[in-house]
Each structure stands twice: as structure tokens, then as C-alpha cells.
Amino acid sequence: MNRKVEVLPEQAALVQRALELTLAKIQTAIQERGLCAIALAGGNTPKPVYEGIAAQKLPWDKIHVFWGDERYVPPDHPDSNEAMARHAWLERVDIPAGNIHPMPTDEPDPAASARKHEEHLREFFKVQAGEVPCFDLILLGMGDDGHTASLFPHTDALQVRDRLITVGNKDFQPRLTFTAPLINLARCVIFIVAGANKRSALDQIFAPVADDLTYPARLIQPQGELWWLLDQAAGQDLKLETIAQK
Ligand code: 6PG
């Protein structure tokens with residue numbers, strides 16, 4: 001695993017660094033493979049990064065946007081990760097509608113939506129059952145409990161190894177989420193984490209030994225690049241030999 005950790009002085013610098021790195025990875029993917037398949041994080045932290053991407057001049061027809069997880073609400077619901085990214089980015093640029101691949105939340109049974117989206121991924125990436133597609137870039141956040149995407153502590157979703165998409169669960173509210181195996185096949189994973197409230201979970205995530213089921217972000221050990229971009233409030237006490245203080 002090729003892990004890099006950078007601590008930025010404050011949230012604005014974190015956003016700028018995350019934008020810079022994301023743009024670089026998008027451009028590399030397009031140069032090398034003719035298109036970029038990127039999966040977005042939800043929550044609040046990445047919103048200004050998406051706003052920054054929207055201000056760029058990019059070959060939008062070569063960029064395909066997915067989500068790493070979604071709350072099980074309609075796409076116009078205030079909690080929707082899809083709605084957040086559309087408002088912050090996708091509605092502001094000339095990206096073809098077919099390049100936007102939201103997680104469906106319209107089936108009464110979230111497991112049916114998970115299967116439907118898995119099928120959609122297989123068709124898009126042209127992979128067969130048993131094969132795992134390779135995203136160019138997956139952006140992730142981390143909760144103060146150490147969850148990432150919708151892989152919450154001590155939930156069944158953490159154990160799913162034979163699917164790409166599964167049903168996550170936060171306080172009995174269903175969510176759709178990429179599974180750890182799908183995330184770990186990405187060429188590049190970037191965590192964007194800010195705030196002192198994340199500090200104790202980060203200590204556990206980076207500890208040599210801790211329980212992966214209690215701190216699910218520990219499960220993210222991609223075959224490709226792994227970047228942790230932290231602000232000072234989140235990352236200042238981390239005891240790591242390799243931290244780049246930016
Ligand atoms: C979600 C996210 C989730 C998020 C973390 C951090 O659907 O909420 O995908 O994993 O990234 O909870 O959220 P903040 O960035 O808002 O702290």
C-alpha cells in the first residue's frame with residue numbers, strides 16, 4: 001500500500017490541496033485511459049472541493065461521476081449526497097447527463113437498489129460477476145466514529161466481500177455504499193478529513209493495532225495510491241513517521 005499523509009494548516013488549505021490533487025488525478029486518468037471514473041464522498045467537508053472543480057475548464061464528456069455512498073432518500077432530499085454534488089458542481093458545468101451515475105434510492109427495498117446499481121457498474125465497466133471494477137479515483141470522508149462511505153462500525157456491510165454495492169446502516173437508517181473490496185481496487189483513494197472531532201478516530205485508524213470493525217476506515221487499504229489529507233485540527237497529534245506538513 002502506497003500511503004501518503006499530509007496535514008494542512010487549516011480547512012481552506014485542505015480544500016485547496018484536495019482540489020489540486022483531485023484535478024491532477026482526473027487529468028492523469030484522462031491522459032492514460034481516455035476517461036476518468038470518479039466516486040464522490042458525501043457529507044459536508046468535500047462540498048467546497050466540488051465547487052472548486054466546477055470552476056475548472058475540464059473535458060466534461062470524459063468524466064464519469066459516481067457516489068461512494070448515498071443516504072436512502074429521494075435525490076431532492078436535503079440529506080442526499082447526489083443533491084449536494086449536483087448543486088455544488090454538476091449543475092454548474094456542461095457534463096453530459098449520461099456521465100452522472102447516482103445511486104438509485106427509488107426501490108422500496110434498499111437491497112434491490114443496491115443490486116440495480118451493482119448491475120449498472122458492471123455494465124459501465126464491462127466486468128463480469130466475480131470481477132471488481134477499478135475506479136480511477138475515490139474521494140472519501142471519515143466520521144468521528146471512524147466510518148467511511150456508509151461503512152459504519154460493527155455493521156454487516158463491513159463483512160461484505162462478494163458484492164460491489166451493499167446496504168449500509170446508520171442508526172437504523174439504510175444507506176447504499178461501496179463495499180471495502182470495491183474501494184480497495186481503486187487506482188487512487190483520497191480521504192479528506194477536517195476538524196478536531198476526528199482526531200481520536202484518526203489515532204485509531206493510524207495505530208499499528210486497532211479493531212477494523214470498530215474503526216472501519218482501517219479497512220481501506222487500496223492496491224493503488226492512498227492519500228490522507230487532513231487539516232491541522234484533525235491531524236496535529238498524529239504520531240506517524242511519514243507526515244508531510246504542508
Ligand atoms: C456521508 C458520507 C460520510 C462522510 C463522513 C464525514 O454520506 O455522510 O459519505 O462517509 O464522508 O460522515 O462527513 P463530514 O465530511 O460531513 O464530516
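Scanning the stretch 101-140 for residues that are assigned to a loop (DSSP other than H, G, I, E, B) and within 15 Å of Thr179 (Cβ to Cβ) gives Met103, Val127, Ala129, Gly130, Glu131, Val132, Pro133, Cys134, Phe135. Total residues in the stretch 176-190 satisfying the condition of being near the ligand (Cβ under 9 Å from one of its atoms) and over 18 Å from Asp162 (Cα atoms): the figure is 0.
Sub-6 Å Cβ pairs linking a first residue in the stretch 45-71 that is part of a helix (DSSP H, G or I) to a second residue that is away from the ligand (no atom under 16 Å from the Cβ), at least 6 apart or interchain, are Ala54/Arg92; Ala54/Val93; Trp60/Val93; Trp60/Asp94; Trp60/Ile95; Asp61/Pro96; Lys62/Ile30; Lys62/Leu35, ordered by first then second residue.
Residues in the stretch 1-38 that are within 26 Å of Pro102 (Cβ to Cβ), among the charged types (D, E, K, R) and in contact with a strand residue (DSSP E or B) (Cβ under 8 Å, 6 or more places away or on another chain): 1 in all.
Please go through the stretch 194-214 and pick out each residue that is within 21 Å of Pro46 (Cα to Cα), crowded, with 19+ Cβ neighbours inside 10 Å and more than 11 Å from the ligand (Cβ to nearest atom). Result: Leu202, Ile205. Looking across the stretch 116-154 at every residue that is loosely packed, with under 15 Cβ neighbours inside 10 Å and not hydrophobic (A, V, I, L, M, F, W, C), the one that is nearest to the ligand (Cβ to nearest atom) is identified as His154.
Every number here is computed from the coordinates shown, using simple stated rules; none is lab data. What you see is a predicted model; the values in this text were computed from it and never measured. So basically every Cβ, Gly included, is an ideal-geometry build from the backbone, and we count neighbours across all protein chains shown.
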